Amino acid sequence: MNDEKTLAWPAYLLLLVIISFQILYGIGGTPMLDPDEPVYAETAKEMIRFGDYLSPRIYNEYWYDKPPIFYWMVVASLKLFGGFSEFAARLPAALMAIGAVLMTALSSARLFGARTGFWAGIVMGTSVMLMYMGKASVTDTTLLFFLTAALFSFIHRHYWLMYLACGLAVMTKGPIGVVFPAGIVFFYLLVTHRLEQILRMHVARGLLIVVTVGLPWYAYMYDVHGMAFVQEFIGFHNVGRFTAPLHPVRAHWWFYLPVLILGFFPWTGLLVQSVKNAFYRSFGEEAQQLAFFQVWWIFVLVFFSIAQTKQVSYMLLLTPALSTIIAWNLARMLDDWRETHFSWAGGSAVMFLAVGLGWLMSGDSLAELAEGGLWLGALTLVLGALIVYSITASHHLLCAAWLHAGAGILTMAIAFGVLMPAAAGHFSVKQVALHYAREYRAAADAEGRVLYVDKQLRPGVMLYTDIPGIEADTNNAASLAALREDTRPKYIIMRDYMYQKMKAELGAARWQLVENHDGLCIYRDDKE
């Protein structure tokens, strides 16, 4: 498998089985996690309800957060499986994640050989980042798929496919779908002194493809909704998020460093060494190809570090590049089994020790994680020790590589088979929402009692009950003032810690706690 440029079918089948298990396992076993997952599932539900598949809605009102491709995929899945379920809502994103991993493996094999391609797929597919994001019903894996297709199409010189993928990316998440491929390609050609290649890329006709695929929906939305669409979609969701933090507590330049360190576990111990070796131990055409992946991940990291809004999911877009670099370095070391790779062993020892201890102490933050965290922490420490032994004492480097993969699979299986189901009540409003609908809704309607819902929980309440409620945004003074001044009798659904933190601003002196499920609460505020 060293010199071949395509994966043999047994290797491809093994990779497909591992990655499919890693991403599909457990996607129907936990409720939709607040606040992001319910947004997309509910928007798809409302497309079906209103029979309008072009203008997205939520809370029965138009909204302009994302273009429609991902919503369409979820709509198709919900119809295929006969209505809403967690599995149906998550399946499209999971399939796009699997596709992105397989595309990375096959393309990397064409560039660097079958061994690198195989391990690129294993590294990417068993990392914590893909383990988590691949199971989430959000747009990020769909964007990942199309951007990965665009960038690999470029490096393989399939320019027409590149432009088509860019157009589909624009229809997934907006201008970023063309800005990122254009920026990465430009800087790659710049640093490799090959800017003249742009003249052979049919740019004018290619942009026509992007416009043909991406523009009609935008034109339709402007025609139907006017400047409200432009101001909300372009102004707030694109320009606004770049220039102003959506979550001020995250607005630090170093925010993505721990995201990368934890997101690439169990392969983080190889990360720095691999990036360094790709710079200093590659030559000729291989060096130029690796430069493309270096530019790719650096561009993504720098862009989002400059952007004021920070989201963990943004780092998903650099996983194909760093996974390929790690796999290239791993394949190189597997060919050099007589050398003792202390950097690999040391980096892995530190990471497995830190993560293992973190799991052992997870019960301190959530009691539901205590038993599962104990087992996962102990197994992580054992696997880390076996990896270090395999590298330094027995020189079984292939065994060490598979132990890394096994650690990723084990982490996923315990996390989504045991830990997440046990702790789901802390991260999803489903239980509280269904309880409100069952126990309080009828009486509230009879009494004329209104329902306020914390902004972060409102999508989940709507998804599981079809009750839109009234938004209570604890980060918006006007919203809090409206809640305080509303003299109607009401119920309020919000987290207990937010109630304790914002009691004065909420005007919560008269609130009575009537339900508390894992810190998600229902309060009653009676009219004076």
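You will find that of Asp466, Asp486, Asp445, Asp454, the residue that is more than 34 Å from the chain's Cα centre (by Cα), within 23 Å of Lys45 (Cβ to Cβ) and not basic (Lys, Arg) is Asp445 and no other. If I filter region 37-62 down to residues being without any contact (Cβ under 8 Å) to a residue 24 or more places away in the chain and either touching a Cys at 6+ places or on another chain (Cβ under 6 Å) or assigned to a helix (DSSP H, G or I) (or both), which single residue comes out as farthest from Met227 (Cα to Cα)? Filtering first and then ranking leaves Arg49. Of all the numbered requirements in (1) in contact with a helix residue (DSSP H, G or I) (Cβ under 7 Å, 6 or more places away or on another chain); (2) at pLDDT 95 or above; (3) closer than 20 Å to Tyr25 by Cα; (4) not basic (Lys, Arg), Gly384 misses one, and that requirement is (3).
Taken together, the residues in region 420-435 that are modelled with pLDDT of 95 or more and buried (at least 21 other Cβ atoms within 10 Å of the Cβ) amount to 5. Is there a residue being touching a residue at least 12 places away in the same chain (Cβ under 8 Å) and touching a Cys at 6+ places or on another chain (Cβ under 7 Å) anywhere in region 496-508? So far as region 496-508 goes, yes, one or more of its residues are touching a residue at least 12 places away in the same chain (Cβ under 8 Å) and touching a Cys at 6+ places or on another chain (Cβ under 7 Å). Within region 170-201, restricting attention to residues that are over 30 Å from Phe279 (Cα atoms) and modelled with pLDDT of 95 or more, the residue that is nearest to the chain's Cα centre (by Cα) is Thr172. Of everything in region 133-174 that is assigned to a helix (DSSP H, G or I) and of a type in the set (Val, Ile, Thr), the residue that is surrounded by the fewest Cβ atoms within 10 Å (Cβ to Cβ) is Ile155. Within region 1-8, can one find any residue that is in contact (Cβ under 8 Å) with a residue 60 or more places away in the chain, closer than 22 Å to Pro266 by Cα and either under 21 Å from the mean Cα position of the chain (by Cα) or buried (at least 17 other Cβ atoms within 10 Å of the Cβ) (or both)? Among the residues of region 1-8, not one is in contact (Cβ under 8 Å) with a residue 60 or more places away in the chain, closer than 22 Å to Pro266 by Cα and either under 21 Å from the mean Cα position of the chain (by Cα) or buried (at least 17 other Cβ atoms within 10 Å of the Cβ) (or both), which makes the answer no. Just to be sure, is Leu397 free of Cβ contacts under 8 Å to residues at least 24 places away in the same chain, more than 30 Å from Pro56 (Cα to Cα) and not charged (D, E, K, R)? Here the answer is no, as Leu397 does not meet what is asked. None of Asp65, Asp34 is in contact (Cβ under 8 Å) with a residue 24 or more places away in the chain, charged (D, E, K, R) and crowded, with 21+ Cβ neighbours inside 10 Å except Asp34.
Look through region 365-392, keep the residues that are in contact (Cβ under 8 Å) with a residue 24 or more places away in the chain and polar (S, T, N, Q), and return whichever of them is nearest to Leu262 (Cα to Cα). If we take residues in region 365-392 being in contact (Cβ under 8 Å) with a residue 24 or more places away in the chain and polar (S, T, N, Q), then Thr380 is nearest to Leu262 (Cα to Cα). Looking at region 444-451, can you tell me whether even one residue there is modelled with pLDDT of 95 or more and either within 20 Å of Gly519 (Cα to Cα) or of a type in the set (S, T, N, Q) (or both)? The answer is yes; a qualifying residue exists.
Restricting the first residue to region 300-317 and requiring it to be at pLDDT below 95 and of a type in the set (Gly, Ala, Ser), which pairs with a second residue that is buried (at least 19 other Cβ atoms within 10 Å of the Cβ) and not in a helix (DSSP H, G or I) meet a Cβ separation below 7 Å and a spacing of at least six or different chains? Sorted first by the residue in region 300-317, then by its partner, the pairs are Ser313/Val138.
The values are calculated or read from the model by the stated rules, or taken from the named source; none is laboratory data. Quick caveat: nothing in here was measured; it's all calculated off a predicted structure. Positions of Cβ are generated from backbone atoms using ideal geometry, with glycine treated the same way; all protein chains shown enter the neighbour counts.
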